[in-house]
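The values are calculated or read from the model by the stated rules, or taken from the named source; none is laboratory data. Because the structure is predicted, anything quoted here is derived from the model rather than measured. Reconstructed Cβ throughout: ideal geometry from the backbone, glycine too, with neighbour counts over all protein chains shown.
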Amino acid sequence: MLSRAWPLARPVLHALDPERAHDLTVRALAALPLPKAKPDDPRLAMEAFGLRFPNPVGLAAGFDKNGALVGKAGALGFGFAEIGTLTPLPQAGNARPRLFRLVEHGAVINRFGFNNRGHESALPRVSRHRQTGTAPGALLGVNVGANKDAADRVADYVAGVRAFAGDADYLAINISSPNTPNLRDLQKPDALDELLARVLDARDAAERHPPVLLKIAPDLAPADLDRLVVVARRRGVDGMIVSNTTVARPEALGAHRHGAQAGGLSGRPLFGPATAMLAQAFLRVERQFPLIGVGGVEDARTALAKIEAGASLVQLYSALVFAGPTLVDEIKTGLLSRLAGESLPSIVGRSAAAWATKAI
């Protein structure tokens, strides 16, 4: 159904303001009775963070900010989906326009600023996930953040852990969005140490103890990445997500009418730097915990490259804007054909050393 509708829907959606088009897409997917996807080939299964994922392709945070699509990720072919970023209190985010398509570059720039309806709005849908499960087996991550005007931002992350630990399959701590002023300061060693200590204490005090993952920026200098990984390993996080959007602007975007827009850049131009950062993180982590690779995944080739650079799982978002919902199945089919008898776990990180030599 979706595969037939997309060629007709794309020109209509792309004629609209990008944020309006996105909102309509989420509402339509939430309202449609999506058919169940066929079970995944067992060769695509991946274990990470103590969880078993039916396939390694996930929906990145930002697409479904408020959990409107909880329970539908499996029907769309994903092995897991991450909702959010969710903050304790609702907030409007930054002024519009704040989302820009760079079609010829396969890229998106956003400066949303954690616009969402808050914990209370999402909680009932996340609770239903725990009670009923998703079909066919897609897992649910909840990405939590801090309100822009919070007096104690760490307390906001603790509140997110307390709110969703009982129902999420994993929790993602987003300290790397470039669209909330000074949020990335939480990646500095002393601030990160306090954040992780309080967040992990809150998780350990909950009835359930879901894995806690740290989502980092692609713009860290190597020395800063060194220090961040040291703290993450010492505090015992369960994994990292590499990476968020970038504030860098490749020279090729200079001539585009939206190329100089403020905000985080995602999509194809992010693939190289984000994958190099992923490999650098993989080598530093030394397999103490798994990584999720994000940034520029748009086909089976780029998904496989992320895995070979060190990702146990991959996520995508921006590529859906251009390729539509059939992309997920195309990536899974392509991965199977490219594995050529190998297993996914056996190839995680085998090209990390080569990717890590590329400039971050």
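State yes or no: is Arg52 over 17 Å from the mean Cα position of the chain (by Cα) and either touching a residue at least 12 places away in the same chain (Cβ under 8 Å) or in a helix (DSSP H, G or I) (or both)?
When the stated conditions are applied, Arg52 does not pass them.
Being in contact with a Pro (Cβ under 7 Å, 6 or more places away or on another chain) and at positive phi is the requirement here; does Gly118 meet it? Quick ask: steps written out before the conclusion?
Working: in contact with a Pro (Cβ under 7 Å, 6 or more places away or on another chain): yes; at positive phi: yes.
Yes.
Please find, among Ala37, Ala48, the residue that is at pLDDT below 95, surrounded by 19 or more Cβ atoms within 10 Å (Cβ to Cβ) and over 18 Å from Asp167 (Cβ atoms).
Criteria check complete, one pass: Ala37.
Filter the range 136-194 for residues that are under 14 Å from Asn116 (Cβ atoms) and aromatic (Phe, Trp, Tyr) and give the result.
Across the range 136-194, the qualifying residue is only Phe164.
Within the range 71-89, can you find the residues that are surrounded by 24 or more Cβ atoms within 10 Å (Cβ to Cβ) and either at negative phi or not small (Gly, Ala, Ser) (or both)?
Once the filter is applied, which keeps residues that are surrounded by 24 or more Cβ atoms within 10 Å (Cβ to Cβ) and either at negative phi or not small (Gly, Ala, Ser) (or both), the range 71-89 yields Ala73, Gly74, Phe78, Gly79, Phe80, Ala81, Glu82, Ile83, Thr85, Leu86, Thr87.
Return the total of residues in the range 253-281 being more than 18 Å from Thr357 (Cα to Cα), among the aliphatic types (A, V, I, L, M) and crowded, with 18+ Cβ neighbours inside 10 Å.
Adding up the residues that qualify gives 2.
So the check is Cβ under 9 Å with 6+ separation or different chains; which pairs have a first residue in the range 27-48 that's more than 16 Å from Val328 (Cβ to Cβ) and a second one that's outside any loop (DSSP other than H, G, I, E, B) and not hydrophobic (A, V, I, L, M, F, W, C)?
Hits for this filter: Glu47/Pro345; Ala48/Gly239.
Working only within the range 218-241, note down all residues that are over 15 Å from Ile292 (Cα atoms) and either in contact with a Cys (Cβ under 9 Å, 6 or more places away or on another chain) or in a loop (DSSP other than H, G, I, E, B) (or both).
Result: Asp219, Leu220, Ala221, Gly236.
Taking the range 1-34 only, how many residues are touching a helix residue (DSSP H, G or I) at 6+ places or on another chain (Cβ under 9 Å), at pLDDT below 95 and not in a helix (DSSP H, G or I)?
Number satisfying all stated conditions: 2.
With respect to Phe100, is the statement that it is in contact with a helix residue (DSSP H, G or I) (Cβ under 9 Å, 6 or more places away or on another chain), modelled with pLDDT of 95 or more, outside any loop (DSSP other than H, G, I, E, B) and closer than 23 Å to Asn174 by Cα true?
yes
Starting from the range 216-227, keep only residues that are under 20 Å from Gly145 (Cβ atoms), then list their pairs with residues that are modelled with pLDDT under 95 and crowded, with 19+ Cβ neighbours inside 10 Å whose Cβ atoms are within a distance under 6 Å, requiring at least 6 positions of separation or different chains.
none
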